[in-house]
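Before any comments, here is the structure.
The values are calculated or read from the model by the stated rules, or taken from the named source; none is laboratory data. Keep in mind the model is a prediction, meaning the values are calculated, not measured. Counting neighbours? That spans all protein chains shown, and the Cβs are built from the backbone with ideal geometry, glycine included. Just the protein is used for accessible areas: all its heavy atoms, side chains included, with ligands, DNA and RNA removed. Shrake-Rupley method; radii C 1.70, N 1.55, O 1.52, S 1.80 Å.
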Amino acid sequence: MPSTTRHNRRSDTPPPRTGSSETEVLRGFLDYLRTSIAAKVDGAPEPQVRTAAMPSGTNLLGLLNHLTFVERAMFLGDDVTDWQTTFQAAPADSVAEVVARYRDAVKRANDVLDGCTDLGAPVPRPRPDLPAPSIRWALTHMIEETGRHAGHADILRELVDNTTGR
């Protein structure tokens, strides 16, 4: 039986056609996923954007808030002591503020990556005495992390207001 629920369809953006180097492919896919999840959260209505849709408490705004902390920890060297708390945005934070913070973290992370030419080198850290993963590992991890949560966000956004697509 066909559903009578009306969906708000966004056009679906296909994966990027990046350059041929490993760096261009990794960064192209990461930026594609970053753009996808920010667009998925941007404009989502209150209070549904922060309403838990499952027993774990996962919500749309919290996913983007978490990814902001992951970007900052991975590429800017920020220390996060309690990852679980990053899955909730502060009650006073608007959707626009969380999206803007995420986009700022991505811009700052890309500024760091722009100076990295060797994927085997460690991610630059403010304190070089602390261990850091290779840039290749960090990019691959961020593709996995962002893609995983972008998939969650797809489902959560559809539950919030029936919006589908990237």
Inset, instruction - Would you mind telling me which numbered condition in (1) in contact (Cβ under 8 Å) with a residue 40 or more places away in the chain; (2) part of a helix (DSSP H, G or I) Thr58 fails? - result: (2)
Inset, instruction - Could you please give the count of residues in region 51-74 that are within 12 Å of Val106 (Cα to Cα) and among the hydroxyl-bearing types (Ser, Thr, Tyr)? - result: 1
Inset, instruction - Restricting attention to region 135-154, report how many residues are free of Cβ contacts under 8 Å to residues at least 24 places away in the same chain and out of contact with any Ser or Thr (no Cβ under 9 Å at 6 or more places or on another chain). - result: 4
Inset, instruction - Can you tell me which residue within region 111-123, out of those that are touching a helix residue (DSSP H, G or I) at 6+ places or on another chain (Cβ under 6 Å) and in contact (Cβ under 8 Å) with a residue 40 or more places away in the chain, is nearest to Met74 (Cα to Cα)? - result: Val123
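So that you can scan it fast, the table gives a plain yes or no per residue for (1) open to solvent by less than 50 Å² (accessible area, probe 1.4 Å); (2) hydroxyl-bearing (Ser, Thr, Tyr):
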site: Ser20; (1), (2): no, yes
site: Tyr32; (1), (2): yes, yes
site: Ile37; (1), (2): yes, no
site: Lys40; (1), (2): yes, no
site: Pro45; (1), (2): yes, no
site: Thr51; (1), (2): no, yes
site: Gly57; (1), (2): yes, no
site: Phe75; (1), (2): yes, no
site: Asp93; (1), (2): yes, no
Inset, instruction - Kindly indicate whether Thr81 is of a type in the set (Ser, Thr, Tyr) and assigned to a helix (DSSP H, G or I). - result: no
Legend entry - In region 124-137, the residues that are closer than 21 Å to Trp83 by Cα and touching a strand residue (DSSP E or B) at 6+ places or on another chain (Cβ under 9 Å): Pro131, Ala132, Pro133
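To keep it simple, each residue is scored yes or no on (1) at pLDDT 95 or above; (2) in contact with a helix residue (DSSP H, G or I) (Cβ under 9 Å, 6 or more places away or on another chain); (3) closer than 14 Å to Lys40 by Cβ.
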| position | (1), (2), (3) |
| --- | --- |
| Ala105 | yes, yes, no |
| Ala109 | yes, yes, no |
| Pro131 | no, no, no |
| Ile135 | yes, yes, no |
| Thr140 | yes, yes, no |
| Glu144 | yes, no, no |
| His149 | yes, yes, yes |
| Ala153 | yes, yes, yes |
Inset, instruction - Could you tell me which numbered condition Asp79 fails, if it satisfies all but one of (1) surrounded by 14 or more Cβ atoms within 10 Å (Cβ to Cβ); (2) modelled with pLDDT under 95? - result: (1)
Inset, instruction - Sort out which residues of region 84-125 are outside any helix (DSSP H, G or I) and among the basic types (Lys, Arg), and write them in order of number. - result: Arg125
